[in-house]
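**Q** Provided herewith is a single structure, encoded as structure tokens, for subsequent inquiry.
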Number of protein chains: 2
Amino acid sequence: MNKRFDELCINTLRMLSADAVQKANSGHPGMPMGDAAMAYTLWTKFLKHNPKNPHWHNRDRFILSAGHGSMLLYSLLHLTGHNISMKDIKNFRQLGSKTPGHPEHDLDSGIETTTGPLGQGFATGVGMAVAEKYLAEMFNKPGFSIIDHYIYAICSDGDLMEGISHEAASFAGHFGLGKLIYLYSDNKISIDGSTDLTFTENVASRFRAYNWHVQKVDGNDVQEVASAIREAQKESGKPSMIIARTHIGYGSPNKHDTSGVHGSPLGEEELKLTKENLGWPLKKFYVPPEVLSHFRKAVDKGKKAEEQWKEKFKKYRKKYPKLAKQWNMMVKRNGTDHKKYFPSFKPSDGPLATRSASGKILNSIADHIPHLLGGSADLAPSNNTYLKDYPEFGSKKGGRNFHFGVREHVMGAILNGMALSNMLIPYGGTFFVFTDYMRSSMRISALTGAHVIYILTHDSVGLGEDGPTHQPIGHLTSMRAMPNMSLIRPADANETSVAWQVALEQKDRPCSLILTRQKLPVIDRKKYASASLIRKGGYILADCKGKPRIIIIASGSEVHLALEAFERLSAEGHRVRVVNMASFDLYERQSGAYKDNVLPPDIENRIAIEAGHTLSMYKYVGLKGDVIGIDSFGASAPAKDLFKKFGITTDNLVRRVRTMLKG
Amino acid sequence: MNKRFDELCINTLRMLSADAVQKANSGHPGMPMGDAAMAYTLWTKFLKHNPKNPHWHNRDRFILSAGHGSMLLYSLLHLTGHNISMKDIKNFRQLGSKTPGHPEHDLDSGIETTTGPLGQGFATGVGMAVAEKYLAEMFNKPGFSIIDHYIYAICSDGDLMEGISHEAASFAGHFGLGKLIYLYSDNKISIDGSTDLTFTENVASRFRAYNWHVQKVDGNDVQEVASAIREAQKESGKPSMIIARTHIGYGSPNKHDTSGVHGSPLGEEELKLTKENLGWPLKKFYVPPEVLSHFRKAVDKGKKAEEQWKEKFKKYRKKYPKLAKQWNMMVKRNGTDHKKYFPSFKPSDGPLATRSASGKILNSIADHIPHLLGGSADLAPSNNTYLKDYPEFGSKKGGRNFHFGVREHVMGAILNGMALSNMLIPYGGTFFVFTDYMRSSMRISALTGAHVIYILTHDSVGLGEDGPTHQPIGHLTSMRAMPNMSLIRPADANETSVAWQVALEQKDRPCSLILTRQKLPVIDRKKYASASLIRKGGYILADCKGKPRIIIIASGSEVHLALEAFERLSAEGHRVRVVNMASFDLYERQSGAYKDNVLPPDIENRIAIEAGHTLSMYKYVGLKGDVIGIDSFGASAPAKDLFKKFGITTDNLVRRVRTMLKG
């Protein structure tokens, strides 16, 4: 291939992107224009993918971590024959289009993951590399490299400034994830202006300190980029960082190397000048036929690559039928064929923290769900996330226990990357309050519908002495307002078991399990309703005969206070109902009739109790209702003192119920 | 001082801490035992502080970033004569004590800032160093070093694993904050076990890559630590990192260098063995008198140091009366003596985004409030945070514009550190959705009552084409559930001006200003109620004659839809009221009578409209009410298309009002 033809292909990427941004009158042309050469090199000379089946499990992954440059990705996908048409390109950033402002996970179109919040793509790739390693260790046999692919990314200075890039790089370097090959587009420009304003660290030294293989190249030189990628592939024991000097807005006579071209269209006039400067025809959305046919070679090449892999897998199936069967199971991510392995708990077993129940459940089911794996952000003994019968990830084959380190933010992103394999169900644990550190990753879980399970323990002031810094207050309310994030706060060990089943069954979204530090009795299900009802999110746990005069609503540990109050008030002759509202989102997915039965609209005497901020519970108690909760920060003291201080007690609940019934 | 006496002092710190943890039967003895030697060295040989006046502005700052080792700090404060008594030590982690599980900002007792969520202390210190530099540039004159102090911290591997430490170190290195001297306690142990499990990066190389001055010492060697601190002080152009090899649980025969001593008491038996091993008397809370009198020299020394400073300041006042006057103003943090400088806006000025109004306001008041300073996380042109007439921080004297970089998390922490000077009112801007990145810092703002102003723009799907990754949905609800965080979402330019005044006046808490990307008309205040009423949080903006049949509740940009609906429905003869609910927290601080007037309990026809998750508005509409909002993620399209798609329109509001009135 000669240099001029390379340039023609590269300019096609540049101008297609710039035209689309101009038509949308919104977007980021500078990055696609600056990074087109390295993207071209990677996509035409290295990337293993099948445009006609973007779901092929052994494809290479490509992440545009600098997601604002989305038009570069859409241009690449269109040109290589993925399911992004020219019409889609022309509809860039319009309602209902397949080409939104920032890339959103859409594997049918070849978009591997959602990027845009900077650093997230960088970090998600680490999770993909973890999945690659785990699956390769599980399935590969001599002569059968069933799983063997690279994870490529293009990232920006913004990605590297974000803290999550540090966590991700430190983790990837420690575990020697050699399949990671990242291209850093070093264009020296950020939105505020030159990166010299605030970002002058030595990126190469920094990444070497993390145990990465580092190279520097001219990002516009196809040969240099290609040879660096080859070197990176050779280095199998370290992740690779290729620092590529690029020029934002390359080709624009007046805007290249300026922040003005970062986040705004070039403008018709400058777009014209740019085309003239690059020797490009002035017409819009022009793709030279020879360029299209060159990029489109990816279709045949990809088809052939997948077919060869399928052939290999056919032989593998014969030789390793058990593993092939496991492969099939994992592709379906079945986690609940094994209901019998979920433990059940009796009141006579004695009180048990829901975090401890969760740990027992995990260890009961782990043997039967080889695609379930995870760990904790350096709180394994507290989060009860450790699988006793399995080794550490990275230490030996089949390692399923992850030491994410005190790195909550990247833990979330790694879980996302693992889940995007569509063969693994990853979990990660930390204290509930530290979701503050990984909210951005959790939001990406929800936005991409990643099948991730968050194990969030120490869920209230009930954690006691560690004090306000460690006590979640608004976190339940906060998480309930995150679309597509399932949240379950079980009231005892048996509900925890059902919650785990729900979390495994909901394959289209993440699920947060909110668990106590403190021990809770196992509810006597002969006396009260079945634990399996928490599948409905909210259910009638205890009820009076006839129509209740008042409904007590509670979740998690406070359900026990509600039950105690129920017993005392019933003994006094009051007609009381207890509704266990373990999950707002599951409850809201029930029928209107079901909800009207649980919380009849005409019963307005309602009181909620929850050891967290009161805000969200008002939804269910209404204007005439009452909420017992905590609207200030917590305090440092033994749990029982704190519950008393904040009025999270049966006595207070009974008193407030009586007041309401009198009122 | 001889080595044996040093050891006696160090062991006092160790055993006082271990005794307190044992008595509380909860806490972290390992860190105080491991880090006592370097803490002793720093506190007795270097730290400039006045135990009898911890508020002295020119004191050195000490941050225990590894906040779980809080007993080390309490021991130091007690021994040096701060307002922490032996009784307080014995009440460690008990209700109402001054010695909570993790240090909480309490300057009366000498506790500089809240730590515990790892990385936060490390990052807050950078903000303190920024404040030191800014104030020194402002006030120091030849012969008058009014502001000249160090910021010391002890941090742990956990601090360095957190992403925020990267952002903080990269920022501090770039700006050459030479007053930062951090001691890293390299004890090779985290909760999960050896740091070799997941944390093997080369910390020294990493920090050198950030432009830090790096040294390595034996953390138990007083001379080595002292000489490293002296070297660090000499290096005035770079922050300093002293990597000190320490041993967690030092002195414990069976638990030293193990994770078992990290977060649990030693146990009576091991505590006894430790005391024997260290040659320590078995009695509890023992402080040798000669040790106490040695530490207590800090009282006289501190008093003298502050007196000398006061003498100097007296002369300074004479020589630089204007600057001394400015000092006095800044110590009071007065921001609203200047009401006349706040711009007001007329409907005829045309529509204006509240973010643009905010930028105009900032630039109007900046000259009059020299203690107001800040910037953006690389979104200055979008957040409108730039002060046109002032230079960049770091570029020359008086620089007030900060380029935080794409580093939201540390931006929040830096703002906290600056605010803790009690002389500055810092602000920081980013897109509202990216509060996900800095929530932990924002929570620390709220927990410490730091006077920080967050400028959060692009507050809904109204930002348009950037799409779901950039569109906040649950963020209003989420932030409303954070205790002590004030949040105001103004509806037009004039309300933005009042909101800024409120933010400046509320000196005991942070305030988040939630601003639009899109333009909004300036509300005609001759026709509707005064903008100043948003001081009440919620107020009657438009009202019918007589008792309303329905109340429309809205905030921010949706207030305009409510007003349009009001006009249309009023013209049809409906009795409608519009309540502008700009701030839940300000509203909730009003009297019951006020609230019953704005939202009379007997008017149950209520409908809220807000371009965000519906959850929080249920609090004000009740069971019979209706909320128009967005409970899914957004989409990428021009704003007007999105508002239509999600039903955030006057038409939809009018329709739903009519339905309710019929119902």
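**Q** Answer with yes or no whether residue A:306 is acidic (Asp, Glu), modelled with pLDDT of 95 or more and surrounded by fewer than 18 Cβ atoms within 10 Å (Cβ to Cβ).
**A** The answer is no for residue A:306.
**Q** Any residue in the stretch B:444-453 that is open to solvent by 10 Å² or more (accessible area, probe 1.4 Å), more than 15 Å from the chain's Cα centre (by Cα) and facing chain A (nearest Cβ under 8 Å)?
**A** No, the stretch B:444-453 has no match at all.
**Q** Filter the stretch B:625-663 down to the residues that are among the aliphatic types (A, V, I, L, M) and within 11 Å of residue B:461 (Cα to Cα) and list them by number.
**A** B:630, B:635, B:637, B:639, B:642, B:648
**Q** In the stretch A:461-509, which residues are open to solvent by less than 10 Å² (accessible area, probe 1.4 Å) and on the phi > 0 side of the Ramachandran plot?
**A** Selection gives A:464, A:467.
**Q** Right, next: Somewhere in the stretch A:628-647, is a residue open to solvent by 10 Å² or more (accessible area, probe 1.4 Å), in contact with an Asp or Glu (Cβ under 7 Å, 6 or more places away or on another chain) and without any contact (Cβ under 8 Å) to a residue 24 or more places away in the chain?
**A** The answer is yes; a qualifying residue exists.
**Q** On the given criteria, is residue A:61 in contact with a Ser or Thr (Cβ under 7 Å, 6 or more places away or on another chain) and outside the structural domain of residue A:413 (by TED's automatic domain parsing)?
**A** Judged against the criteria, residue A:61 is not a match.
**Q** Quickly run through the stretch B:605-631 and pick out the residues that are more than 10 Å from chain A (Cβ to nearest Cβ) and of a type in the set (A, V, I, L, M, F, W, C).
**A** Across the stretch B:605-631, the qualifying residues are B:607, B:608, B:609, B:611, B:628.
**Q** Under the condition of being in contact (Cβ under 8 Å) with a residue 12 or more places away in the chain and among the small types (Gly, Ala, Ser), which residue from the stretch B:210-242 is surrounded by the most Cβ atoms within 10 Å (Cβ to Cβ)?
**A** Only one residue tops the list, namely B:219.
**Q** Could you list, in sequence order, all residues of the stretch B:635-647 that are of a type in the set (A, V, I, L, M, F, W, C) and either more than 14 Å from chain A (Cβ to nearest Cβ) or in a helix (DSSP H, G or I) (or both)?
**A** B:639, B:642, B:643 - these are the residues of the stretch B:635-647 that are of a type in the set (A, V, I, L, M, F, W, C) and either more than 14 Å from chain A (Cβ to nearest Cβ) or in a helix (DSSP H, G or I) (or both).
**Q** Which count do you get for residues in the stretch A:372-398 that are more than 22 Å from residue A:438 (Cβ to Cβ) and either modelled with pLDDT under 95 or away from chain B (no Cβ under 14 Å) (or both)?
**A** 7
**Q** For the stretch B:102-122, check the following and say yes or no: at least one residue is at pLDDT 95 or above, of a type in the set (A, V, I, L, M, F, W, C) and either outside the structural domain of residue B:47 (by TED's automatic domain parsing) or closer than 24 Å to residue A:167 by Cα (or both).
**A** There is at least one residue in the stretch B:102-122 that is at pLDDT 95 or above, of a type in the set (A, V, I, L, M, F, W, C) and either outside the structural domain of residue B:47 (by TED's automatic domain parsing) or closer than 24 Å to residue A:167 by Cα (or both).
**Q** A further question follows. Mind checking which strands (runs of 3 or more DSSP E) fall wholly inside the stretch A:523-585 and carry at least 3 residues that are within 19 Å of residue A:477 (Cα to Cα)?
**A** Correct list: A:550-554, A:576-581.
**Q** What helices (runs of 4 or more DSSP H) completely inside the stretch A:107-207 contain at least 2 residues that are under 30 Å from residue A:318 (Cα atoms) and within 24 Å of the chain's Cα centre (by Cα)?
**A** In the stretch A:107-207, A:120-139 are the helices (runs of 4 or more DSSP H) which contain 2 or more residues that are under 30 Å from residue A:318 (Cα atoms) and within 24 Å of the chain's Cα centre (by Cα).
**Q** Out of the residues in the stretch B:399-422 that are more than 8 Å from chain A (Cβ to nearest Cβ) and more than 15 Å from the chain's Cα centre (by Cα), which is surrounded by the most Cβ atoms within 10 Å (Cβ to Cβ)?
**A** Across the stretch B:399-422, the extreme among qualifying residues is B:402.
**Q** Going through A:81, A:96, A:101, A:116 one at a time, which residue ends up being surrounded by fewer than 24 Cβ atoms within 10 Å (Cβ to Cβ) and within 11 Å of chain B (Cβ to nearest Cβ)?
**A** From the options A:81, A:96, A:101, A:116, the qualifying one is A:96.
**Q** What pairs come up if the first residue lies in the stretch A:467-491 and is at the interface with chain B (Cβ under 7 Å from one of its Cβ atoms) and more than 15 Å from residue B:443 (Cα to Cα), the second is β-branched (Val, Ile, Thr) and assigned to a loop (DSSP other than H, G, I, E, B), and their beta carbons are under 8 Å apart, counting only those six or more places apart or on different chains?
**A** A:481/B:473; A:482/B:473; A:483/B:473
**Q** Can you pull out the residues in the stretch B:84-93 that are open to solvent by 10 Å² or more (accessible area, probe 1.4 Å), in a helix (DSSP H, G or I) and either away from chain A (no Cβ under 13 Å) or under 19 Å from residue B:149 (Cβ atoms) (or both)?
**A** Correct list: B:86, B:87, B:90.
**Q** OK, next. Return the residues of the stretch A:46-63 that are of a type in the set (Lys, Arg) and over 23 Å from the mean Cα position of the chain (by Cα); say none if nothing qualifies.
**A** Within the stretch A:46-63, A:48, A:52 qualify.
**Q** Of everything in the stretch A:1-56, what is crowded, with 24+ Cβ neighbours inside 10 Å and at positive phi? Give them in sequence order.
**A** A:27
**Q** Quick one: in the stretch B:549-608, which of the residues that are surrounded by fewer than 20 Cβ atoms within 10 Å (Cβ to Cβ) and closer than 16 Å to residue B:520 by Cβ is nearest to the chain's Cα centre (by Cα)?
**A** Among those that are surrounded by fewer than 20 Cβ atoms within 10 Å (Cβ to Cβ) and closer than 16 Å to residue B:520 by Cβ, it is B:560.
**Q** Can I ask one more? Need the failing condition index for residue B:179 against (1) surrounded by 20 or more Cβ atoms within 10 Å (Cβ to Cβ); (2) of a type in the set (D, E, K, R); (3) under 30 Å from residue B:44 (Cβ atoms); (4) free of Cβ contacts under 8 Å to residues at least 40 places away in the same chain, just the number.
**A** (4)
**Q** Exactly one condition in (1) in a helix (DSSP H, G or I); (2) surrounded by 24 or more Cβ atoms within 10 Å (Cβ to Cβ) is not met by residue B:513; state its number.
**A** (1)
**Q** Sticking with this structure for a sec: Restricting attention to the stretch A:31-67, which residues are of a type in the set (A, V, I, L, M, F, W, C) and assigned to a loop (DSSP other than H, G, I, E, B)?
**A** Once the filter is applied, which keeps residues that are of a type in the set (A, V, I, L, M, F, W, C) and assigned to a loop (DSSP other than H, G, I, E, B), the stretch A:31-67 yields A:46, A:47, A:56, A:66.
Residue-wise test of (1) within 16 Å of residue B:20 (Cα to Cα); (2) part of a strand (DSSP E or B); (3) within 33 Å of the chain's Cα centre (by Cα); (4) without any contact (Cβ under 8 Å) to a residue 40 or more places away in the chain.
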position: B:250; (1), (2), (3), (4): no, no, no, no
position: B:260; (1), (2), (3), (4): no, no, yes, yes
position: B:271; (1), (2), (3), (4): yes, no, no, no
position: B:285; (1), (2), (3), (4): yes, no, no, no
position: B:293; (1), (2), (3), (4): no, no, no, yes
position: B:296; (1), (2), (3), (4): no, no, yes, no
position: B:312; (1), (2), (3), (4): no, no, yes, no
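The values are calculated or read from the model by the stated rules, or taken from the named source; none is laboratory data. Fair warning: this is a prediction, and the values are worked out from it, not measured in the lab. Note that each Cβ is placed from the backbone with ideal geometry, even for glycine, and that neighbours are counted across all protein chains shown. We work out accessible area using only protein heavy atoms, side chains counted, and drop any ligands, DNA or RNA first. Shrake-Rupley method; radii C 1.70, N 1.55, O 1.52, S 1.80 Å.
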